[in-house]
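Colleague: My questions all concern the structure below.
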């Protein structure tokens, strides 16, 4: 995808340009997946960002820990490629602060240190995977793709199906199952669940839900959202690990059960 005579000095192995082998990843709402790249080496960040954009992904970058935490809050990435060594504080502190806002965002550590104890420290701190420098851009792309697939934040050639954890919706047949068990929904319940499933792990306000599902301006109708969320919970979450969560004062979010 990208080649440079000085790639090795930047922590990137040289490689030839080639078209992506897999179909572009998309979020369930149809938008490109979002990846945050954090590294204080500008040339490396540019190369990696270019490679990820070539995959059709939306990319934002940061060169310090503080900028990374701020970008994560604003950008709400689906995955993060995070350097372990940053000028202000280290990658593990960045991870801790990001996870305080978004506990489930998958993180791929980029590290120049290949000692076992360093790798174990990163994974123990909550990192999902790591690559050591110099790395190939293809490897980083493949690992990020695998992390996002594992955490069910995107759709890839899913056809008419939406899948979040063990919850599956067929938009054509209007069939819904959880853990293989059929879930019978009314038309309004189906539309509400479809909106939640198209935005997994994203907090949706009552105003957004009203506008999308009922086409109401936000006003005295907030109670209808609460009512239908309670209906969904009774059909989807009762007797199982909850997937629909209330963020007090903000809205609702659907997340894969842990």
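Colleague: Just one of 69, 107, 35 is at pLDDT 90 or above and closer than 19 Å to residue 147 by Cβ; which is it? Steps first, please.
Modeller: Working: 69 fails: closer than 19 Å to residue 147 by Cβ; 107 fails: at pLDDT 90 or above.
After ruling out the rest, the residue left standing is 35.
Colleague: Further question on the same structure: Any residue at all in the stretch 144-165 that's outside any loop (DSSP other than H, G, I, E, B), closer than 25 Å to residue 50 by Cβ and at pLDDT 85 or above?
Modeller: Yes, because at least one residue in the stretch 144-165 is outside any loop (DSSP other than H, G, I, E, B), closer than 25 Å to residue 50 by Cβ and at pLDDT 85 or above.
Colleague: Let me ask you something else. Residues 219, 239: which one is part of a loop (DSSP other than H, G, I, E, B), at pLDDT 85 or above and surrounded by fewer than 16 Cβ atoms within 10 Å (Cβ to Cβ)? Working first, answer last.
Modeller: Working: 219 fails: at pLDDT 85 or above.
When all the criteria are applied, what remains is 239.
Colleague: Additional query: Hey, can you tell me all the residues within the stretch 58-70 that are farther than 15 Å from residue 48 by Cβ and either within 15 Å of the chain's Cα centre (by Cα) or part of a loop (DSSP other than H, G, I, E, B) (or both)? Write out each step before concluding.
Modeller: Step one: filter the stretch 58-70 for residues farther than 15 Å from residue 48 by Cβ, giving 64-67, 69-70.
The one that is farther than 15 Å from residue 48 by Cβ and either within 15 Å of the chain's Cα centre (by Cα) or part of a loop (DSSP other than H, G, I, E, B) (or both): 64.
Colleague: Considering only the stretch 245-258, I want to know if a residue exists there that is in a helix (DSSP H, G or I) and crowded, with 18+ Cβ neighbours inside 10 Å. Before the answer, list the steps.
Modeller: Of the residues in the stretch 245-258, the ones in a helix (DSSP H, G or I) are none.
Looking for residues that are in a helix (DSSP H, G or I) and crowded, with 18+ Cβ neighbours inside 10 Å, one finds none in the stretch 245-258, hence no.
Colleague: Could I ask something else about it? Evaluate the stretch 129-142: report whether one residue or more is part of a loop (DSSP other than H, G, I, E, B), at pLDDT below 85 and under 20 Å from residue 201 (Cα atoms).
Modeller: Taking the stretch 129-142 as the starting set, the residues that turn out to be part of a loop (DSSP other than H, G, I, E, B) are 133-134, 136.
Of the ones still in play, those that are also at pLDDT below 85 are 133-134.
If we keep only those that are under 20 Å from residue 201 (Cα atoms) as well, we get none.
So far as the stretch 129-142 goes, no, none of its residues is part of a loop (DSSP other than H, G, I, E, B), at pLDDT below 85 and under 20 Å from residue 201 (Cα atoms).
Colleague: Of all the residues that make up the stretch 172-205, how many are assigned to a loop (DSSP other than H, G, I, E, B), buried (at least 16 other Cβ atoms within 10 Å of the Cβ) and at negative phi?
Modeller: As a first pass, look at the stretch 172-205 and keep what is assigned to a loop (DSSP other than H, G, I, E, B): 172-174, 179-180, 184-186, 198-203, 205.
Narrowing further to those that are buried (at least 16 other Cβ atoms within 10 Å of the Cβ): 185, 198-203, 205.
From what's left, at negative phi: 185, 198-200, 202-203, 205.
Result for the stretch 172-205: 7.
Colleague: Same structure, new question: Condition test on residue 233, is it part of a helix (DSSP H, G or I) and modelled with pLDDT of 90 or more? Before you say what the answer is, go through the steps one by one.
Modeller: Values: part of a helix (DSSP H, G or I): yes; modelled with pLDDT of 90 or more: yes.
For residue 233, the condition - part of a helix (DSSP H, G or I) and modelled with pLDDT of 90 or more - is met.
The values are calculated or read from the model by the stated rules, or taken from the named source; none is laboratory data. Just so it is clear, the structure is predicted and the values come from calculations on it, not from any experiment. As a convention, Cβ positions derive from the backbone with ideal geometry for all residues, glycine included, and neighbour counts pool all protein chains shown.
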